[in-house]
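For reference, the structure is listed below as structure tokens.
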Amino acid sequence: MHAPSASDLAAATSPAVITEHSNHLLTQTGMEARAAAGHSGSAGGPSILRVVPLLRVSGPKRKRVVLVGHSRLVIQDIDRVAIESFVTNAWVEGTEQGEFARVEIDAAPADKRVAAATAEFERDLPDWPDPASADDRQMHIAKHAKALAELSRNAVASVREIRYDLEHRLAHFSSKGHPTTSNTPIVASLLELNIICGRAADEAREAVREGLWLHLSDSEAYHSYRRLQDPTIINIAAAATAATRSWMRLHDAGVRQCLEMRKQLDAESGSARDLMAAAASVSNSREADSQSAFNTLAAVASLGLGIPALVLALYGADRLLPLNTEPRQLAFIPVAAGLLFAAIIAIWRAPKGKHSRIWIVGAISIIIVLLSLLVAAGLLAPSS
């Protein structure tokens with residue numbers, strides 16, 4: 001959305017909602033300049049400013065969109081309120097394998113799914129104005145900063161659902177009856193999920209470290225709150241209490257929302273790394289199972305080819321072939337017995353699961369084909 005001019009907002013009773021897709025960095029100089037500017041960014045007197053992390057997960061399963069960034073709340077007066085959200089990273093979920101693909105920020109506004117997620121986020125913003133705090137700009141912004149921070153913290157539950165879904169897919173892949181032999185799509189999604197958690201945790205960590213950038217509008221309250229968080233900090237401010245400022249409890253609640261969001265994201269990031277390690281173990285286990293199945297198949301093939309060769313070496317091909325007399329046909333029985341023994345081993349060593357029948361039918365078919373070829377060759381062999 002484009003920012004309206006200051007004249008357009010002179011009598012506004014709801015905030016200007018500005019959502020951008022950019023790699024906007026929170027610099028001290030830039031934030032000071034924004035606080036000193038008016039509602040639409042033009043000079044118009046100092047504003048009160050807060051910055052909270054932005055994490056949004058929207059859309060149905062296998063079509064989810066994840067937005068990560070931060071939101072700035074700017075209040076010049078009660079009738080001039082702006083929420084400026086900066087989406088610094090965006091991901092979309094694929095429909096086939098369910099992988100998460102990162103969307104370049106330059107292309108994000110043109111992506112219909114990202115645009116829909118942005119519009120949904122704007123619709124879920126807190127209602128403005130707040131009659132209970134209409135006379136106190138600091139109370140007003142503290143309440144809505146806390147509400148925005150809580151929206152982002154609640155979104156961690158959606159990130160957790162993504163991780164549960166990937167964990168379930170990995171467990172399904174681990175079963176022997178699963179036809180897919182590669183878990184690369186799952187590992188790729190876990191890597192992207194780890195990046196999502198890391199990026200969002202960075203935004204929350206920055207918001208906590210800067211105290212939601214309270215120092216730009218009330219340096220004394222900022223330093224008092226820092227003393228509340230860490231009594232070992234050396235400054236002359238007294239530790240903040242509910243009496244320090246009327247809105248201090250709401251400000252503390254907003255910071256705690258960001259702190260809890262960061263803790264939960266760090267835990268999700270650790271779980272994603274554990275799942276990647278589990279995926280590697282599952283891959284090694286499946287490779288071992290595949291090697292064991294191959295060895296069994298090679299043993300069956302060796303019996304099927306080796307026993308006839310051994311019989312021919314003992315009897316001599318010229319004495320056994322062609323199979324046109326009863327003694328020669330009786331001498332051929334060890335060859336058939338060896339192939340029958342190979343078929344029994346193939347059935348006994350067949351893998352479990354829905355592919356067991358395919359394995360058994362395939363192995364028996366190979367034995368029958370080998371036996372048929374040997375019999376046909378014996379009958380058609382020329383007489384010496």
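Brief remarks on what is shown
- Verdict on residue 150 being closer than 22 Å to residue 54 by Cα and open to solvent by 10 Å² or more (accessible area, probe 1.4 Å): yes
- If you filter the stretch 125-184 down to residues that are assigned to a loop (DSSP other than H, G, I, E, B), closer than 24 Å to residue 92 by Cα and not hydroxyl-bearing (Ser, Thr, Tyr), you find that the one that is modelled with the highest pLDDT is 125.
- Between 102, 113, 72, the distinction of being closer than 26 Å to residue 170 by Cα, within 28 Å of the chain's Cα centre (by Cα), at pLDDT 70 or above and not hydrophobic (A, V, I, L, M, F, W, C) belongs to 102 only.
- Selection status of residue 358, open to solvent by 60 Å² or more (accessible area, probe 1.4 Å) and at pLDDT below 70: yes
- Matching residues in the stretch 135-150 - criterion: being touching a residue at least 60 places away in the same chain (Cβ under 8 Å) and out of contact with any helix residue (DSSP H, G or I) (no Cβ under 7 Å at 6 or more places or on another chain): 136, 137, 138, 141, 144, 148
- Boolean, residue 200 is touching a Pro at 6+ places or on another chain (Cβ under 9 Å) and either within 22 Å of residue 164 (Cα to Cα) or open to solvent by 40 Å² or more (accessible area, probe 1.4 Å) (or both): yes
- Single residue of the stretch 227-249 satisfying the filter (touching a helix residue (DSSP H, G or I) at 6+ places or on another chain (Cβ under 8 Å), open to solvent by 50 Å² or more (accessible area, probe 1.4 Å) and at pLDDT 85 or above) that is farthest from residue 141 (Cα to Cα): 228
- Residues that are among the aliphatic types (A, V, I, L, M) and open to solvent by 50 Å² or more (accessible area, probe 1.4 Å), drawn from the stretch 153-172: 171
The values are calculated or read from the model by the stated rules, or taken from the named source; none is laboratory data. Quick caveat, the model's predicted, so the values are computed rather than measured. Glycine gets a Cβ as well: all are built from the backbone with ideal geometry, and neighbour counts include every protein chain shown. Protein only, heavy atoms only, side chains kept; ligands, DNA and RNA dropped before computing areas. Shrake-Rupley method; radii C 1.70, N 1.55, O 1.52, S 1.80 Å.
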